[in-house]
1. When you go through (1) assigned to a loop (DSSP other than H, G, I, E, B); (2) surrounded by fewer than 20 Cβ atoms within 10 Å (Cβ to Cβ); (3) touching a residue at least 24 places away in the same chain (Cβ under 8 Å); (4) among the aliphatic types (A, V, I, L, M) one by one for residue 133, which number turns out not to apply?
2. With the requirement that a residue be assigned to a helix (DSSP H, G or I), free of Cβ contacts under 8 Å to residues at least 40 places away in the same chain and closer than 19 Å to residue 80 by Cα, what does the stretch 23-69 give you?
3. Of the residues 79, 96, which single one is touching a helix residue (DSSP H, G or I) at 6+ places or on another chain (Cβ under 6 Å), among the hydrophobic types (A, V, I, L, M, F, W, C) and closer than 21 Å to residue 136 by Cα?
4. So residue 40 clears everything in (1) open to solvent by less than 80 Å² (accessible area, probe 1.4 Å); (2) modelled with pLDDT of 90 or more; (3) within 16 Å of the chain's Cα centre (by Cα) except one condition, right? Which one?
Amino acid sequence: DSPRRARMEQIDQEFPFNKFRKIQSTLTRSQSSLLMQLRSGHIPLNAHLFRLKRVATDKCQACITRQGTPAVETVPHYLFECPAYGEERHDLDQTLGRHSRDLAAIMSNRKGIQEILKYVSRTKRLKETFGDVARYLPTDDPDDYQ
């Protein structure tokens, strides 16, 4: 077994992501790319960019600027922990409730994907790479919630 497969299965046990692939057909290319990069961790956040030697540090610049306490800028940090995005995360928490900090649950249905795209758009952290990913959101499909 590959370590990549194990990491991906933490997000979706149904490798190769059958639910996600069904939803993916309704997404734009940049939305689909963003979501796959969030799943894999291969996304332009400092933890990944530092491994590629593209930035000088793996620390979250928003945390350093805001509170002076550095944290490694990983996908979980960006989505669920960074205090700089607390206001944007509040909307995510309100809409998704108890599943708002569970990336597997978020990625398994259209509503979760819509909300994560809105969150990413509101933070503007990845806008330079992916553009406005909330511009065209997928519509609800009752089959996604089974």
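The values are calculated or read from the model by the stated rules, or taken from the named source; none is laboratory data. Computed from a predicted model, the values in this text were never measured in an experiment. Note: ideal-geometry Cβ built from the backbone for every residue, glycine included; neighbour counts use all protein chains shown. These area figures cover heavy atoms from the full protein model, side chains too; ligands, DNA and RNA do not enter into them. Shrake-Rupley method; radii C 1.70, N 1.55, O 1.52, S 1.80 Å.
1. Here residue 133 clears every test but (2).
2. Initial filter on the stretch 23-69 (assigned to a helix (DSSP H, G or I)): 23-24, 29-40, 46-51, 61-67.
Adding the requirement that they be free of Cβ contacts under 8 Å to residues at least 40 places away in the same chain leaves 24, 29, 32, 36-37, 40, 46-51, 61, 63-67.
Listed by number, the residues that qualify are 36, 37, 40, 46, 47, 48, 61, 63, 64, 65, 66, 67.
3. Values: 79 fails: touching a helix residue (DSSP H, G or I) at 6+ places or on another chain (Cβ under 6 Å).
Selected residue: 96, the only one of 79, 96 that is touching a helix residue (DSSP H, G or I) at 6+ places or on another chain (Cβ under 6 Å), among the hydrophobic types (A, V, I, L, M, F, W, C) and closer than 21 Å to residue 136 by Cα.
4. Evaluating residue 40 over (1) open to solvent by less than 80 Å² (accessible area, probe 1.4 Å); (2) modelled with pLDDT of 90 or more; (3) within 16 Å of the chain's Cα centre (by Cα) leaves (2) as the failure.
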